[in-house]
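The values are calculated or read from the model by the stated rules, or taken from the named source; none is laboratory data. Keep in mind that what you see is a predicted model, and the values were worked out from it rather than measured. Here the Cβ is made from the backbone with ideal geometry for all residues, glycine too, and neighbour counts use every protein chain on show. These area figures cover heavy atoms from the full protein model, side chains too; ligands, DNA and RNA do not enter into them. Shrake-Rupley method; radii C 1.70, N 1.55, O 1.52, S 1.80 Å.
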Amino acid sequence: MEQYEPDRLTPVQLAAVRRSARGGRAALTRRSLLRASAAGALTAGGAAALGACGIPAAGRTEGGTSATDHSAKEKRLAFSNWTEYMDVDDSGKTHPTLDAFTARTGIKVTYTEDINDNNEFFGKIKPQLAAGQDTGRDLIVLTDWLAARLIRLGWAQKLDPSNLPHAFANLSPQFRTPDWDPGRAYSYPWQGISTVIAYNRKALDGIEVTTLSDLLDHPKLKGRVGLLTEMRDTMGMALLDMGKDPGRFTDDDYDAAVARLQRAVDKGQIRRFTGNDYTSDLSKGDFAACLAWAGDVVQLKADNPDVDFLIPDSGYLTSSDNLLVPSKARHKTNAERLIDHYYEPKAAAELAAYINYVCPVDGVKDELAKIDPDAAANPLILPDQAMQAKSRSFRSLSAKEETDYEAKFAKLTGA
């Protein structure tokens, strides 16, 4: 297996990171505008169906470097998360689901919102992880591609299924088998992000849109279409539109998708590539249609009845933010118990009601309906089986592939 060199980002990779930080999902610190305005970014996981025997065995057996587990004597744990990614009470000061966990278990949670960007956070914890030292954190939340890196490097501890009965039983099928953690041996999804097609009904003015090809080819949409600056999202949706699986594509498939988008760029079909700032263009009608993150659409639809979304028959792209226990963490069992807490329907529903992301927990609909009936009926928060079946994920990339693909995508976007 190719060994990743985390310190040696190429100029192209660094440019991609900066592009994401300026205008991509990271520009919002992932969820800072979800409540403040009409923005946010949804995370979702892979698309493989659940087998009759439950979660299959993991593809690798070695775990990250562990430490002596002090959970039995030290009833505490340290949890690092993104900002605005936890339920809060009416005062905005406390987190009811964390309080409920502590009241029930006696385990005190030191909760810190110190993740603003995947790469930035990786830079914080890498020196300790590389040296085999405790990061001071027992539980962290990372986006799928970075979670994959930690697992690959042996810097995440293998989870004990005996401490995760609810997680094992209630994990939604679409999140169960990512290629970077087969069987979810090292991670469980915190929430999901979906990439869909959003449109402004008034701006379309009767134009029928059902596929990405419609956006790229319809002459009346020239200059009124938006694509995303996030490579995996835009290229994943383009691959799906061409009948390719983003989880299994080849270099030739990727090049064909780039060429397809380049033709649309050259003829002026694409107004621009955007991060979350497409929300303003879509609301105003400057974009008639665009690729969008479903979390934005949930909020935009509430404020503007002209905004809606569609799922192409070819499918849609999903990714996930994930809970991991870093190597050398002192309170692994306590962390596992907290993971399991959020896979109980009541806690999962309370979290989903507040943050409006894709909930990765089966069986929460009735509980969520007690809190927010509209959220319980929203397929962008609780996808039904038909929608889950159309979900696809972008496969893991080698370091060389990431460099090559980002270079081609940067040329396409003009970055």
**Request:** Quote the FRET efficiency, to the nearest 0.05, computed for ASP252 versus ALA389 with a Förster distance R0 of 41 Å and r equal to the Cβ-Cβ distance.
**Result:** 0.95
**Exposure of LYS244 as accessible area (Å², to 10), given a probe of 1.4 Å and all protein chains** = 80
**Asked** Want the number for SER162 to ALA130: 0.36 nm per residue separation, take away the alpha-carbon distance, what's left?
**Response** 8.7 nm
**Asked** Between LEU397 and ILE207, what is the spin-label point distance in nm, taking each point 7 Å from the Cα along the Cα→C-beta axis?
**Response** 2.9
**Fill in**
A student asked for the Cα radius of gyration and Dmax of region 91-173 in angstrom ought to give 15.1, 41
**Asked** From the backbone phi of region 352-368, what are the Karplus-calculated ³J(HN,Hα) couplings (6.51 cos²θ - 1.76 cosθ + 1.60, θ = phi - 60°) in whole Hz, Gly and Pro given as x?
**Response** 4, 5, 7, 9, 6, 9, 5, 7, x, 10, 6, x, 9, 4, 5, 5, 5
**Asked** For VAL265, VAL297, what's the largest-to-smallest order of accessible area, 1.4 Å probe?
**Response** VAL265, VAL297
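Taking 0.36 nm per residue of separation and subtracting the Cα-Cα distance, what length does fully extending LYS222 through THR83 add?
Extending this stretch completely gives an extra 46.3 nm.
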**Request:** For ARG104 and LEU153, calculate 0.36 nm times their separation in residues minus their Cα-Cα distance, and state this gained length in nm to one decimal.
**Result:** 14.1 nm
**Label-point separation in nm, LYS370 to ARG263, each point 7 Å along Cα→Cβ** = 5.4
**Request:** Provide the solvent-accessible area of GLU84, counting protein heavy atoms only and rolling a 1.4 Å probe, rounded to the nearest 10 Å².
**Result:** 70
**Request:** Taking the Cα atoms of region 167-308, report the difference between the largest and smallest coordinate on each principal axis, in whole Å and largest first.
**Result:** 48, 40, 23
**Asked** Heavy-atom accessible area per residue, region 360-415, 1.4 Å probe: how many Å²?
**Response** 50
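So if R0 is 45 Å, what FRET efficiency would HIS70 and SER91 give, r being the distance between their Cβ atoms, rounded to the nearest 0.05? Could the numbers behind the result be given before it?
Numbers: r = 33 Å, r/R0 = 0.73.
Using R0 = 45 Å, I get an efficiency of 0.85.
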